[in-house]
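Coordinate-derived values only; no laboratory data. In this text the structure is predicted, and so the values were computed from the model without any measurement. Virtual Cβ from ideal backbone geometry, glycine too; neighbours counted across all protein chains shown.
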Amino acid sequence: MRDKYKTKKQLLSELEELRQQVTALKTERAELRRLAPRRTVRVGEILIELGFLTKEQLEGALQKQKEADMRGESHVPVGSILAASGVISREQLQVALTEQRNRLRR
């Protein structure tokens, strides 16, 4: 009857083996994500396509975003930076975000 039950040492060994498998799977998943083509549709690019923004305006907003990130401030999406600074309207941002969602669904 005792043969049906595993010892604490056996259970700990199995647990460690499972942890190693999980770690290996996480590493593999991260590598696949790194290698897989991204379906990233950037809102700034959409704003340019729609004629709401110039490339130079986008670059300026991205620079502001980078500087804030480097100062350790909370990350602010580039669309929010553009709208808050008056470069685009909230309505234009909403149009671009809707287009972004639609493209990601395809």
Hits among aspartates and glutamates - C-alpha to C-alpha of Lys64 under 20 Å, sequence gap 8 or more where chains match: Glu45, Glu56, Glu73
How much length is gained on full extension from Glu91 to Ser74, taking 0.36 nm per residue of separation minus their Cα-Cα distance? 3.7 nm
Which of the lysines could a cross-linker span from Lys9 if the Cα-Cα distance has to be under 30 Å and same-chain partners fewer than 8 positions apart are dropped? Lys26
How far, in degrees from 0 to 90, does helix 90-105 lean away from the longest principal axis of the Cα atoms of the chain, to the nearest 10? 40
Over the Cα atoms of region 28-106, each weighted equally, I'd like the Debye log10 I(q)/I(0) at q = 0.11, 0.20, 0.21, 0.24 Å⁻¹, rounded to two decimals. -0.35, -0.92, -0.97, -1.08
Counting pairs of alpha carbon atoms under 8 Å apart in space and at least six apart in sequence, what relative contact order in percent does the chain give? 28
On a full-extension model of 0.36 nm per residue, what is the gain between Arg19 and Lys6, subtracting their alpha-carbon distance, rounded to one decimal in nm? 2.8 nm
Describe numerically, in nm with one decimal, the distance between label points set 7 Å from Cα along Cα→Cβ at Glu49 and at Lys66. 2.4
0 to 90° range, to nearest 10: angle between helix 55-70 axis and the chain longest Cα axis: 50
As a test of the formula, what do you get for the chain when each DSSP H run with n ≥ 4 contributes -39,500 (n - 2.57) and the sum is divided by the residue count, at 222 nm and rounded to the nearest 500 deg cm²/dmol? -23000 deg cm²/dmol
